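Worksheet: one structure, shown below.
None of the figures in this text is laboratory data; all of them are computed from the coordinates on show. Since we're looking at a predicted model, the values are computed, not measured. Methodologically, a virtual Cβ is constructed for each residue, glycine included, from the backbone with ideal geometry; neighbour enumeration extends over all protein chains shown.
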Amino acid sequence: MFESIYKNLLYKLKDGNECVILTYLEPKIEKRGAILDKLLISRQDLEDNLHMFSEDIKSDILKAFLTGSPITYSDNKQTILIEPFFPRPRLVILGGGHIAKPLVEFGTKVGFSVVVSDDRPTFANTARFPEAEDVICESFERVFDKLRLRQTDFVVIVTRGHRHDGICLRKTLNYSPAYVGMIGSKRRVREMMQQLETEGYSREVLDKVNSPIGLSIGAVTPEEIAISIIAQVISYRRAIGTNLKNKEKFNWPEFDTDVIREISEESSMPRALITIISSKGSVPRKAGAKMILFADGRSLGSIGGGCSEANILVLSRDIIANKGYSIEFVDMTGEVAEDEGMVCGGVMDVLIEAF
């Protein structure tokens, strides 16, 4: 019934749009009810006022975009689950030298869509970077027209020279990405920042640049340097740490592409879509994580495994049979977690929907 919503979501995310899905719930008995409707909205749709909402609902939609966390809106008339979906985080590497190779490999392994750019054909080709989603051979002055940087991008500047670094940094700062880091010695970096400040770049903007780049782990080899950079990028993606220079961070929601792709296709096999809609404390997976249970017992994805997931799967069979939805509370704190042999210590609310 709602497969087309998720199919359109995949299209919008591929184009770089940030979106929310509004799921309209009709509670009937405790924890259970019917799914009335779903609505897909991009951030641009909201800014263009393509849909009319009350100020309270619009405020919660904006909050979901800002925090990256699902929000449940409720009043006397309706209950709406607002789920944010962001494009797969993109790691843009400017420079195809010796550090870029392990950067591409590690970036891909931790879930980034990686793009590499260099102005030298021998350093910008798919044979050199087979894991990259895109490799662009273009001058650093012109490549930004092709990159179309977004505020959700993570930009790493590791070109072969100080002049190219400066070109890339000036261009990058015009887009306010989620992360920007530039390689270089402390002296070189200090000189460049002083030059940019004389050119009119504000101290606030320049302070958001991570340079010298990477976490301080004593890295020496290209692989070690790449690990230090990826670790810093991950800290920004997860908004963890007290020393983050850019305080306005996305709290990247969990996103399971395979699950969304499966639920976007019509199927004769009844299914249940299972979503963590809130979490607190130490839990295996955070809000936004999804999985599917099929009527024949197969499953796709995970909300953390263990006894808690197994119990949710049992409840999901009932939802498949009786339709509608259920919201279940999962407690993994204290004795509950210990009894299940888990090291977790958190709680989460899980939405089960019949499809």
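What's the ranking of 101-114, 258-271 by average number of surrounding C-beta atoms within 10 Å, highest first? It would help to have the intermediate numbers written out before the result.
Working: 101-114: 19.9, 258-271: 15.1.
With the highest mean Cβ count within 10 Å placed first, the list reads 101-114, 258-271.
As a footprinting exposure proxy, order PHE255, PHE86 by other Cβ within 10 Å, with the fewest listed first. Walk me through the intermediate numbers first.
Numbers: PHE255 18, PHE86 22.
The most exposed by this proxy come first: PHE255, PHE86.
Give LYS171/LYS208; LYS77/LYS286; LYS63/LYS286 a once-over and call out the pairs whose C-alpha atoms are over 20 Å from each other.
Working: LYS171/LYS208 14 Å; LYS77/LYS286 29 Å; LYS63/LYS286 17 Å.
Distance filter (> 20 Å) returns LYS77/LYS286.
Determine the gain in length on full extension of the stretch CYS307-VAL110; use 0.36 nm per residue of separation and subtract their C-alpha separation, reporting nm with one decimal. The partial results should precede the final answer.
On the way: separation 197, 0.36 × 197 = 70.92 nm, distance 2.66 nm.
Stretched fully, the CYS307-VAL110 segment lengthens by 68.3 nm.
For THR257, THR152, what's the fewest-to-most ordering of other Cβ within 10 Å of each Cβ?
Details: THR257 12, THR152 18.
By the 10 Å Cβ count, ascending, the order reads THR257, THR152.
Identify which of the listed values of Rg/Rh (Cα atoms, Kirkwood Rh) was calculated from the structure shown: [x] 0.99; [y] 0.97; [z] 1.02.
Among [x] 0.99; [y] 0.97; [z] 1.02, the one derived from this structure is [z].
Calculate the dipole size of the chain relative to its Cα centre from +1 charges on Lys and Arg beta carbons and -1 charges on Asp and Glu beta carbons; express the result in debye to the nearest 20. Before the final figure, lay out the partial values.
On the way: 45 positive and 50 negative charges, 247 e Å.
Dipole size: approximately 1180 debye.
Once you've got the Cα coordinates, tell me which of LYS14/LYS58; LYS31/LYS280; LYS109/LYS186 are over 22 Å apart.
In this structure, LYS14/LYS58; LYS109/LYS186 exceed 22 Å between Cα atoms.
Please enumerate, by chain and number, the lysines with C-alpha under 17 Å from the C-alpha of LYS7, excluding those fewer than 8 residues away in the same chain.
LYS38, LYS290
Computed FRET efficiency, Cβ-Cβ of ASN76 and ALA321, R0 35 Å: what is it to the nearest 0.05? Numbers along the way, then the final one.
On the way: r = 31 Å, r/R0 = 0.89.
The value I calculate is 0.65.
Got a sec? Charge dipole of the chain, +1 on Cβ for Lys and Arg, -1 for Asp and Glu; which of ALA321, LEU81, VAL92 is way out at the positive end?
Highest projection toward the positive end goes to VAL92.
Relative to a virtual label point 7 Å from the Cα of VAL205 in the Cα→beta-carbon direction, which members of the range 166-183 show backbone nitrogen distances below 12 Å?
169-177
For VAL314 and ASP48 in one chain, what is 0.36 nm times their gap in residues minus the Cα-Cα distance, to one decimal in nm?
91.5 nm
Taking a ≥ b ≥ c as the square roots of the Cα gyration tensor eigenvalues, with a/c under 1.5 meaning rounded and otherwise prolate when a/b beats b/c, else oblate, which class fits the range 1-96? Show your work: numbers first, answer last.
Values: a/c = 2.19, a/b = 1.85, b/c = 1.18.
Prolate.
If you take the square roots of the eigenvalues of the alpha-carbon gyration tensor of the range 200-329 and sort them as a ≥ b ≥ c, do you get rounded (a/c under 1.5), prolate (a/b over b/c) or oblate? Walk me through the numbers before you get to the answer.
Numbers: a/c = 2.84, a/b = 2.56, b/c = 1.11.
It comes out prolate by the Cα gyration axes.
Where does helix 3-14 land angle-wise versus the long Cα axis of the chain, in degrees 0 to 90, nearest 10?
Taking the Cα atoms of the chain, the angle to 3-14 is about 10 degrees.
Given GLN151, TYR175, THR122, which one lies farthest toward the positive end of the charge dipole of the chain, if we put +1 on the Cβ of every Lys and Arg and -1 on the Cβ of every Asp and Glu?
THR122
As a footprinting exposure proxy, order ILE227, ILE312 by other Cβ within 10 Å, with the fewest listed first. Could the numbers behind the result be given before it?
On the way: ILE227 18, ILE312 22.
Sorted ascending by nearby Cβ count, the order is ILE227, ILE312.
With +1 on the Cβ of every Lys and Arg and -1 on the Cβ of every Asp and Glu, and nothing else charged, how large is the dipole of the range 90-237 about its Cα centre, in debye rounded to the nearest 20?
Values: 20 positive and 18 negative charges, 32 e Å.
With only Lys, Arg, Asp and Glu charged at Cβ, the dipole is about 160 debye.
Given charges of +1 on the Cβ of Lys and Arg and -1 on the Cβ of Asp and Glu, with all other atoms neutral, how large is the dipole of the range 1-151 about its Cα centre, in debye to the nearest 20? Let's see the in-between values first.
Values: 21 positive and 23 negative charges, 79 e Å.
Magnitude of the dipole: close to 380 debye.
To the nearest 10 degrees, how steeply does helix 186-198 sit against the main Cα axis of the chain, on a 0 to 90 scale?
90 degrees
Suppose R0 equals 56 Å. What FRET efficiency, 1/(1 + (r/R0)^6) with r the Cβ-Cβ distance, do HIS162 and SER299 give to the nearest 0.05? Could the numbers behind the result be given before it?
Working: r = 53 Å, r/R0 = 0.94.
My answer for the efficiency is 0.60.
Where does helix 100-109 land angle-wise versus the long Cα axis of the chain, in degrees 0 to 90, nearest 10?
In the chain, helix 100-109 runs at an angle near 0 degrees to the longest axis.
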